[in-house]
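Here is the structure we will look at.
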């Protein structure tokens, strides 16, 4: 038995499903990014972008490895939230250094232009404060939107597609996205779970790729549904000390409160698992589209 | 007959008992350690590639090592104590005209090297002394890594020991300061540091016999004495150990053995240390060493309090102890016997003091470490360090308490001064190793056990397989690979190789060049010192900025006015004034130093060649030579503005306190723009003339032309004697051209123009 099995709570008979396949994403992505790095070194194909010699492919690989490592620790030790919340800050270090070198070349923009708000220039604090915050928030927000077959794989894939559309370094994500979509295909059908190793890794991937591609606004808008979900989960825990819960009647899911995006959708309105995933994926796709439009217009 | 043979063979079985019993684990650990040490050594001698391999000689790295070398050479030629006894050796080729008292140096490194050299020479080995000194740091680094293995082994087993040794071997800060030619105080310093920690912690180990404990105390005393005699940072180690013992007392972990070991270690170490030339008895009453005595009193009080005595007596003893400590310090302070901690160490404790001292702040390695320096040093390995810290704090044994204190204090000092990252490297190595092994342990355990149920919820694993644990181990391995082998911050190059694969500073002519692309040494400086050696008398002084003083005296065999010892701040300010003043002011100051000996003035400038069209190029200052350092010349001489005005060298109309008198930065291009005073200062004129001469020389007879970015007045009294590097092709070193321009001083014309009677020679 290569992968451990866990019961699928939202299927009749709660069949055992192999979990933790996200580590395969970590491994294949690492191999892919290393291949990009080496092929670029040997054949000078221009696949890997670098800032003052700091490799983007390797920076991304380190971050994803770290995400996978964190997820594995969570799977094995059930990390406390205070550790999970702040551990991604360490993964931000390679990105901060990469951004620092980009800023020396005058390539990275330390400002963010937001509709209705205008341009906010963070200066050096963009590197030291905003990047760590991006990594910390995005990683945890992506990790918190899950629990239904396909939800934790499809939604991040949509965000990555949106980022790739505008990224000059899109080649870095072609392989990882294809593999992630393969995992998503089986995940949607209830054949596999990606586990925390997968959800943390994909969260850090999104944050890192956005920073490397300098697509802050794009990320900020497309990730809004994730942040909304995390916010109401945290607020509910803070004020009511209760977590969102859904019940399964053998066919449909129903929620008794509105303490997460899933439970808001399923509140007093029983829906199938797949239907809920489709609705949330559509919301994420909508925000990704808005982000793309703003990017195009700016 | 057959029985007899059998009996005899049985008798031989006694030899089988002599066979060494070694487990497979020990063999693997030993083999791994040998590989780590081999890597540690070979990585450090990579710069040999750019040295004189056919002649079997090597130069030293940077500048300070030449100072250490000159003492070593003196010891080899005149005896180990010769710089100190019977009379102090004053090296008249440094700090003209007063010379440099070489007895004001720590003897551990030169004595170690001189003794080893003489030992090797006993076997008939004929090695060039400078080459020997160049390789010594790599050897000592290997010994330091071996000792760190032993410390790690004591802390958490062989695996921790091996990883600790590996991390230290490849730590960029330690690698840089122990690679080929880095013959400086950090070399015996780190050796003394790790050796002392190893022996001191073993001496406090209650599981060892009293005899072993006493022997370890004696050993730790010797290591500490060696450290005191080797590196100024001994204050740090002494105070760290004292703090550690004090914390143990506060945690009620006092044992009588602690008092015995402490007394023996520090008593003996300070006894030997204060006998070291230059350290002297005053060392023991300096502010940083007094805590040793204070904690000794605390230990004595703790020992007495152990006995069954009344509370009243206990209270009296505690008060008496406090009175002794406070009273003793007060008496020393009131009688002016209390030695202060010298300036450099105070500036480490309070790095903001350095900002007010341009002389200290002008040295790059003494600047405050930015987070980027720490990230380049440790990479994503910081993750394992934090995890290790967690494991260490969860299990606060005596050893782990030492590690916590060591890590916290060393990190502070490393953050205060880039150079002190080397202090943090050993403790980082141990704690990161503990972190890795701590994380891997459960996975290894799972790999060895049958699968078992861990949790029930959907998000967590219900069953964990061996293969899954294997994947976890592999991911940790990959993180280590990206940290040590394909580091993103170095463009995929191992950080260790990036640090090591660069020539010695003089073989690179102080340019940031190296790697596989550089096939031969950059010749400018080698040519310059070679020319001086041949054409300039050793008693003649060559005026140059203090960075290059040791190269002039120890390689060029000429007399210098200032060097890295920064012995005389006034003289450094004067040299700064010579370069920043106009030619007349410079000549006045040079004349004050004596026309008979001060014969040459030299600058080091690096040009950046930029292509303008297919046949035209422009030369401009690159910033790696005096064209970058002149700012410090202005600031350091500017600090002495009142004195220079009073002595009549500066005039109020052209006086300066910093670089802003000489120009300003263009807000659009961010480039420095010289004003009239800047264009006429000596350093600019000298650099510019070298630039113009290079452009003319290299363009002659070629299909391309190189033009200087600007020109200025040609100096009257400084005449080109030799410009080293003037024949380098524009693309020889990327787009950088290093030039060492040596000018002879035309005293005859100066005297004639100013109606001065030339001094008799």
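Every test in (1) under 30 Å from residue A:295 (Cα atoms); (2) surrounded by fewer than 17 Cβ atoms within 10 Å (Cβ to Cβ); (3) within 8 Å of chain B (Cβ to nearest Cβ) is passed by residue A:93 save one, and that test is (2). Criterion applied to A:68, A:20 was being buried (at least 24 other Cβ atoms within 10 Å of the Cβ), part of a loop (DSSP other than H, G, I, E, B) and within 8 Å of chain B (Cβ to nearest Cβ), and the one residue passing it is A:20. Only one of the numbered conditions (1) under 23 Å from the mean Cα position of the chain (by Cα); (2) more than 14 Å from chain A (Cβ to nearest Cβ); (3) not in a loop (DSSP other than H, G, I, E, B) is not met by residue B:527, and that is (1). Per the listing A:51, A:56, A:61, the residue uniquely crowded, with 24+ Cβ neighbours inside 10 Å, at negative phi, in contact with a helix residue (DSSP H, G or I) (Cβ under 7 Å, 6 or more places away or on another chain) and more than 7 Å from chain B (Cβ to nearest Cβ) is A:56. Restricted to the range B:228-263, and to residues there that are under 28 Å from the mean Cα position of the chain (by Cα) and assigned to a loop (DSSP other than H, G, I, E, B), the residue that is surrounded by the fewest Cβ atoms within 10 Å (Cβ to Cβ) is B:232. None of A:40, A:44 is farther than 18 Å from residue B:472 by Cβ, more than 7 Å from chain B (Cβ to nearest Cβ), modelled with pLDDT of 80 or more and more than 17 Å from the chain's Cα centre (by Cα) except A:40.
From the list A:146, A:162, exactly one residue is touching a residue at least 12 places away in the same chain (Cβ under 8 Å) and within 14 Å of another protein chain (Cβ to nearest Cβ). Which is it? Explain how you work it out, then say what you get.
Numbers: A:162 fails: within 14 Å of another protein chain (Cβ to nearest Cβ).
Step by step, each of A:146, A:162 is checked, and only A:146 is touching a residue at least 12 places away in the same chain (Cβ under 8 Å) and within 14 Å of another protein chain (Cβ to nearest Cβ).
Just give me the residues in the range B:491-500 being part of a helix (DSSP H, G or I) and either facing chain A (nearest Cβ under 10 Å) or in contact with a strand residue (DSSP E or B) (Cβ under 7 Å, 6 or more places away or on another chain) (or both), in sequence order. Write out each step before concluding.
Step one: filter the range B:491-500 for residues part of a helix (DSSP H, G or I), giving B:495-500.
Correct list: B:498 only.
Out of all the residues in the range B:50-70, which are under 23 Å from residue B:174 (Cβ atoms) and either part of a loop (DSSP other than H, G, I, E, B) or without any contact (Cβ under 8 Å) to a residue 40 or more places away in the chain (or both)?
Just the residues of the range B:50-70 that are under 23 Å from residue B:174 (Cβ atoms), to begin with: B:50-51, B:58-69.
B:51, B:58, B:59, B:60, B:61, B:62, B:63, listed by residue number.
Condition check for residue B:54 on (1) at negative phi; (2) modelled with pLDDT of 80 or more; (3) out of contact with any helix residue (DSSP H, G or I) (no Cβ under 7 Å at 6 or more places or on another chain): one failure, at (2).
The set of residues from the range B:272-323 being in contact with a strand residue (DSSP E or B) (Cβ under 8 Å, 6 or more places away or on another chain) and over 30 Å from residue B:87 (Cβ atoms) comprises just one member, B:287. Quick check on the range B:396-415. Is at least one of its residues at pLDDT below 85, within 19 Å of the chain's Cα centre (by Cα) and surrounded by 19 or more Cβ atoms within 10 Å (Cβ to Cβ)? There is no residue in the range B:396-415 that is at pLDDT below 85, within 19 Å of the chain's Cα centre (by Cα) and surrounded by 19 or more Cβ atoms within 10 Å (Cβ to Cβ).
Looking across the range B:441-465, the residues that are more than 8 Å from every other protein chain (Cβ to nearest Cβ), modelled with pLDDT of 50 or more and surrounded by fewer than 18 Cβ atoms within 10 Å (Cβ to Cβ) come down to B:441, B:444, B:445, B:447, B:448, B:449, B:450, B:452. With the structure loaded, tell me whether residue A:276 is surrounded by 14 or more Cβ atoms within 10 Å (Cβ to Cβ), touching a strand residue (DSSP E or B) at 6+ places or on another chain (Cβ under 7 Å) and part of a helix (DSSP H, G or I) or whether it fails that test. Answer is yes for this residue. Within the range A:97-115, not a single residue is at the interface with another protein chain (Cβ under 9 Å from one of its Cβ atoms), under 18 Å from the mean Cα position of the chain (by Cα), buried (at least 24 other Cβ atoms within 10 Å of the Cβ) and in contact (Cβ under 8 Å) with a residue 40 or more places away in the chain. Restricted to helices (runs of 4 or more DSSP H) entirely inside the range A:86-185, those with at least 2 residues that are modelled with pLDDT of 85 or more and within 30 Å of residue A:12 (Cα to Cα) are A:131-144, A:151-166.
May I ask you to verify whether residue B:591 is in contact with a helix residue (DSSP H, G or I) (Cβ under 9 Å, 6 or more places away or on another chain), surrounded by fewer than 19 Cβ atoms within 10 Å (Cβ to Cβ) and closer than 30 Å to residue B:700 by Cβ? Reasoning before the result, please.
Numbers: in contact with a helix residue (DSSP H, G or I) (Cβ under 9 Å, 6 or more places away or on another chain): yes; surrounded by fewer than 19 Cβ atoms within 10 Å (Cβ to Cβ): yes; closer than 30 Å to residue B:700 by Cβ: no.
Against the criterion (in contact with a helix residue (DSSP H, G or I) (Cβ under 9 Å, 6 or more places away or on another chain), surrounded by fewer than 19 Cβ atoms within 10 Å (Cβ to Cβ) and closer than 30 Å to residue B:700 by Cβ), residue B:591 does not qualify.
Across the range A:246-269, the number of residues qualifying as surrounded by 15 or more Cβ atoms within 10 Å (Cβ to Cβ) and outside any loop (DSSP other than H, G, I, E, B) comes to 12. With within 14 Å of chain A (Cβ to nearest Cβ), in contact (Cβ under 8 Å) with a residue 60 or more places away in the chain and on the phi < 0 side of the Ramachandran plot as the only criterion, which of B:512, B:488, B:503 stands out? So the residue among B:512, B:488, B:503 that is within 14 Å of chain A (Cβ to nearest Cβ), in contact (Cβ under 8 Å) with a residue 60 or more places away in the chain and on the phi < 0 side of the Ramachandran plot is B:512. Residues considered: A:227, A:206. Of these, the only one that is closer than 25 Å to residue A:70 by Cβ and surrounded by fewer than 24 Cβ atoms within 10 Å (Cβ to Cβ) is A:227.
If you check B:302, B:362, B:316 for being over 37 Å from the mean Cα position of the chain (by Cα), crowded, with 18+ Cβ neighbours inside 10 Å and either at pLDDT 85 or above or more than 14 Å from every other protein chain (Cβ to nearest Cβ) (or both), only one passes: B:302. Residue-level analysis places residue A:28 outside the set of residues that are at the interface with chain B (Cβ under 8 Å from one of its Cβ atoms) and under 23 Å from the mean Cα position of the chain (by Cα).
Filtered by the rule that a residue be crowded, with 20+ Cβ neighbours inside 10 Å and either at pLDDT below 60 or at the interface with another protein chain (Cβ under 7 Å from one of its Cβ atoms) (or both), the range B:466-475 gives B:468, B:471, B:472, B:475. Looking only at strands (runs of 3 or more DSSP E) that fall completely inside the range B:567-674, which ones have 3 or more residues that are over 22 Å from residue B:715 (Cα atoms) and within 36 Å of the chain's Cα centre (by Cα)? Filter on the range B:567-674 gives B:598-611. Against the list (1) at the interface with another protein chain (Cβ under 7 Å from one of its Cβ atoms); (2) out of contact with any helix residue (DSSP H, G or I) (no Cβ under 8 Å at 6 or more places or on another chain); (3) without any contact (Cβ under 8 Å) to a residue 12 or more places away in the chain, the condition residue A:13 fails is (1). Looking only at residues that are surrounded by fewer than 17 Cβ atoms within 10 Å (Cβ to Cβ) and touching a residue at least 40 places away in the same chain (Cβ under 8 Å) in the range A:71-90, which one is farthest from the other protein chains (Cβ to nearest Cβ)? For the range A:71-90, the residue satisfying everything is A:85.
The values are calculated or read from the model by the stated rules, or taken from the named source; none is laboratory data. Bear in mind that the values here come from a model prediction, so they are computed numbers and not experimental data. Heads up, the Cβs are rebuilt from the backbone with ideal geometry, glycines too, and the neighbour counts pull from every protein chain shown.
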